[in-house]
1. Quick one: which helices (runs of 4 or more DSSP H) lie wholly within the stretch 529-644 and hold at least 3 residues that are in contact with a strand residue (DSSP E or B) (Cβ under 8 Å, 6 or more places away or on another chain) and either closer than 30 Å to residue 507 by Cα or at pLDDT below 65 (or both)?
2. Take the residues in the stretch 779-819 that are of a type in the set (S, T, N, Q) and either outside the structural domain of residue 647 (by the TED database) or more than 23 Å from residue 647 (Cα to Cα) (or both), then tell me which one is least open to solvent (accessible area, probe 1.4 Å).
3. Would the stretch 752-767 turn up any residue that is hydrophobic (A, V, I, L, M, F, W, C) and modelled with pLDDT under 90?
4. Can you give me the number of residues within the stretch 345-393 that are over 29 Å from the mean Cα position of the chain (by Cα), of a type in the set (A, V, I, L, M, F, W, C) and surrounded by 20 or more Cβ atoms within 10 Å (Cβ to Cβ)?
5. Restricting the search to the stretch 326-337, which residues are open to solvent by 20 Å² or more (accessible area, probe 1.4 Å) and out of contact with any His (no Cβ under 8 Å at 6 or more places or on another chain)?
6. Suppose we filter the stretch 492-512 for residues that are part of a helix (DSSP H, G or I) and out of contact with any Leu (no Cβ under 9 Å at 6 or more places or on another chain); how many remain?
7. Filter the stretch 490-511 down to residues that are closer than 25 Å to residue 276 by Cβ and free of Cβ contacts under 8 Å to residues at least 60 places away in the same chain and give me whichever is surrounded by the most Cβ atoms within 10 Å (Cβ to Cβ).
Amino acid sequence: MSDIRDEVDAIIDDRPETHRVFTEILQIDTEHSVWTFEDIKADTGLFGELVSRGIVEKQDDGYSLADPTAVDAALANRDDLNYAENTELATDGSRSDVSEIESDDDHGRRQLSDQIDMSVDRVIEIISNNRDRILSVVGVFALVVVFRLVAVRSVFQEGYVLLLGNDPYFYRYWVFDFVTANRSPLTVANGIEQGEPLLVATLQIVTALFGGGPAAAEQVLAWYPVAAAVVCGVSVYLIGTRLSDDRRVGLASTAILATLPVHAYRTSIGFADHHAFDVAILAVVFMTVAAYERTSPTSISQLLELTPWIILAGVGIGAHTLAWNAGALLLTPLGVYGVIRALASVRHDVSVLYRLTPLTASMAIGGGIGVLGHEALGWQSTTMIIPPTLLAIALFTLAIVAEGCRRVGLDYRITAIGVVLSGAAVLLGSIELIPRFGDEFRSQTDRLISGPGTENIFEAQSLFSADFGFILAPVIFFGLAIFVSIIVFIWASWTGWTRDRGDLLLVCVYGGTLFILSLLQVRFAGHLALPVAILTGISFVWLVAKVTDISPPTVRPVGVGTQSTSEQRVAWRRHATSTDTDTNTDTTGSSTRERSRDSRDGTSRRQIFTAVIVLFLLVGGLGAVMTPVRTATLTYGDDTASAIDEMDAFATAENRSWPETYVLSRWGDNRAYNAHLNGNSQSYGYARSNYLDFLRSDESEEWYQQIQGRVGFIIISEIPEFSELDSETMYARLHDRQGLGTHYQLLYAGDEKKAYAVVPGTMVNGTVNETKTSVTISGRMDVGSHTMITQREIPTKDGSYTIRIATPGTYTIGNRTVEVTQEDVVAG
């Protein structure tokens, strides 16, 4: 008796919340000599521990307490202790009442103080008893944040907040427009109402909360992707934990998510694109739908219990449509899941109507929120906000069809035909009855399938694009995790289908659908990272269990009263539980429990820790290495900040204003320069249309006439494919010859790029010996606070030469020395 009582005391000391579980088990064991796992409210991990410690014994048709008296004594002792503590408090209070008469205020303050002290003590006790759990959760979320901060020094440099990439500066433009316009945070500018209004409004609200100035806006833009990463981490942790009632899967899934390059750079500090916001919304929808799809409602009252989850999922679905003009594509997995869930319900002969009601209701709520945002705030067009409503209609229709097929006894294979036809009927009817929706549907479908075309936009490439290296592309974006997840994907799909586990099917449908979308456009790979992380997390815990003999993750069927063979083996040590199943006598049971304890003691923490580290390096190590490498391709180096400094100083000194402060550069960097120099980072269209043509041209004067008054500065960086261009092209003149003989003043010359100002320049004429065909010009150019040496040959004609000098300095032409000032190059 003492052994089992000690075991119960140890478990309750470590996890006080198990007191309720023991009380319930004792009551059930008193009423029934044999009971099943389904009769109690305990997760599989705790139940396996009770079996392995000998507290619960396996019987022929269920389970029973090995020693109910010992369990009762342990619980009674704790009840006595609690009574003594309460009595002591009450006695102290009585003595106080006898010794002095307290005022109502004093008594109230003392009572409040006692309650606070007890609450604080309780919190401290909970933290102390769950220290390892808390530290592990905090650790994996810290890992998520750490991998999102690899670019922090590149983002915050020389007083600038240099956001990553190009597109984040588009949203910077709109948030800064809000800051200068001083309007309501809920009001977005007309130019973004049909695009990403919810994202911009959210950024505006947070900016206003932090003071509403430009500095606050830049900090919000820089840090919001990291916050989105944490939201994703929470969702992945909760989904992974609930799938198997095993927090190890949640921890592993979150740790894998932390190191997935495609998610890490998408949610990196400074990468304030709309994708981080979209992924965070998807994570919330994913989590809430998974929460109610784990259940199997069979009545109205059970459906009503899911109301909070249904509403939260509906809010997320509505947010999808308002956050991105193509957000409806992210609802595709839910539509596909509805079809599969309906067929699975028919296969298991359960009500399709009850099963699909939560998802249909969420979709209808999302459609209503989209309509509300459109009508009240003018956000998005009608064709952008109508998909959730159409999906709700489609889900309702196919639920009716599938339920009808089930009730007449049709096989799920035949039902599939009716379900697909009903969904197709809703889609075709919508296209015909709503012409604008039909046009938008065809346009988006064509754009999705055709990819980037001639635009060469990175995110519009396929996941297996030859530009990424085809086979190597998944490794660049996912490390080895995506390959590890494939095996679990197959297992989870089959298990979800055969065991009627909607949440498993949901994870697999999200994974499969987003994988197909990523094959079309890699922009969806960041969203795919969520199911990949969860599936890889399951695989990781399974691998650790194989090499250390800890219990593997298990999946319990919904609505099944008896455990399968694999579920009987769920315990802290596999062989302990498997031995218990062969026990028929008390003597044998005692020796089995002794071997269980020896087994637990034999599996050292060091062995488990070593296995976890080694396997994590194998599964997630490559992703951890690729994350900073991939993120670094989006950052701006020191040259960028220095070039902006010099251009800004020049614009200030020369009193230049827009558009004479426009920076012409490669379109991928164009928004960054213009954002910091003139604030106009809304578009990179002009640079994309003209920059490369300008560099290839050898018509210097013609281009100067074209861009004068329209362009103020030009950025030059090395373009390997231009290295063989003619020496008279603008690329050769600006990249190799510091702009001599052009209208462009060299302001900054770094290791990777040069910055020029568009100026008239000054003409220098002279003569040399008529027999010479060329003359050497050399000198020291004043470039910012530095000087540069330059030298080149210029042609002569009949002993005369003419050259335009656009950068101040001291030049020697033949035997002649010329001083060129800043006034000379600006005045012309």
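1. 586-602
2. 796
3. Filtering the stretch 752-767 down to residues hydrophobic (A, V, I, L, M, F, W, C) leaves 755, 757-759, 763-764.
If we keep only those that are modelled with pLDDT under 90 too, we end up with none.
No.
4. Residues flagged as over 29 Å from the mean Cα position of the chain (by Cα), of a type in the set (A, V, I, L, M, F, W, C) and surrounded by 20 or more Cβ atoms within 10 Å (Cβ to Cβ) within the stretch 345-393 amount to 2.
5. Once the filter is applied, which keeps residues that are open to solvent by 20 Å² or more (accessible area, probe 1.4 Å) and out of contact with any His (no Cβ under 8 Å at 6 or more places or on another chain), the stretch 326-337 yields 329, 332, 336.
6. Looking only at that region, the number is 5.
7. 508
Here is a yes/no grid of residues against (1) open to solvent by 10 Å² or more (accessible area, probe 1.4 Å); (2) farther than 20 Å from residue 524 by Cβ; (3) not small (Gly, Ala, Ser):
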| position | (1), (2), (3) |
| --- | --- |
| 242 | yes, yes, yes |
| 256 | no, no, yes |
| 265 | no, no, yes |
| 275 | no, no, yes |
| 283 | no, no, no |
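The values are calculated or read from the model by the stated rules, or taken from the named source; none is laboratory data. Just so we're clear, the structure is a prediction, and the values are computed from it rather than from any experiment. Ideal geometry is used to build each Cβ from the backbone, glycine not excepted, and the neighbour counts take in all protein chains shown. Protein only, heavy atoms only, side chains kept; ligands, DNA and RNA dropped before computing areas. Shrake-Rupley method; radii C 1.70, N 1.55, O 1.52, S 1.80 Å.
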